[in-house]
Amino acid sequence: MSEKKIIEVKDAYCLPEDVLDAVHAAMNEDVGEIVSLFKVLSDPTRLRILKALEVQSLCVCVLVDCTDQQHSALSYHLKLLKEAGLVNSRRERSFQIYELTEFGNLLLKHIEKHFEKA
């Protein structure tokens with residue numbers, strides 16, 4: 001039979017009540033939108049699309065040509081990026097042009113800066 005170990009804490013870790021209340025409030029916040037954004041960003045194809053759009057606004061046809069994705073698959077990825085507020089689209093003649101939003105551009109720059117090699 002194994003004995004249970006009892007761990008004794010000599011000095012209790014104490015927090016002021018207002019800090020503990022703030023911690024509880026933070027833990028109970030709705031993080032659904034942030035989770036959704038991270039899910040969108042977790043796909044390599046979508047990150048590559050963002051990086052391509054960082055260079056220039058592009059037509060879907062260019063993105064299809066630059067990837068091994070079908071038009072329908074790219075449209076799906078672009079739809080998710082648009083819903084996340086990372087890209088916008090506009091029509092130019094018969095072309096659908098996609099571009100980074102200000103939020104998408106700032107977020108991508110921040111992520112890239114974090115991963116820069118020193």
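The values are calculated or read from the model by the stated rules, or taken from the named source; none is laboratory data. Only a predicted model underlies this, so the values are computations on that prediction, with no experimental measurement involved. Quick reminder, even Gly has a Cβ in these numbers, built from the backbone with ideal geometry, and neighbours come from all protein chains shown.
So here's what we get for this one:
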item	result
Total residues in segment 54-92, condition within 18 Å of Leu41 (Cα to Cα), outside any helix (DSSP H, G or I) and modelled with pLDDT under 95	2
Qualifying residue in segment 30-43 (condition: more than 30 Å from Arg91 (Cα to Cα) and part of a helix (DSSP H, G or I))	yes
Hits in segment 90-106 - residues which are under 20 Å from His71 (Cβ atoms) and buried (at least 16 other Cβ atoms within 10 Å of the Cβ)	Ile97, Tyr98
Scope segment 35-74; condition polar (S, T, N, Q) and in contact with a strand residue (DSSP E or B) (Cβ under 9 Å, 6 or more places away or on another chain); matching residues	Gln56, Ser57
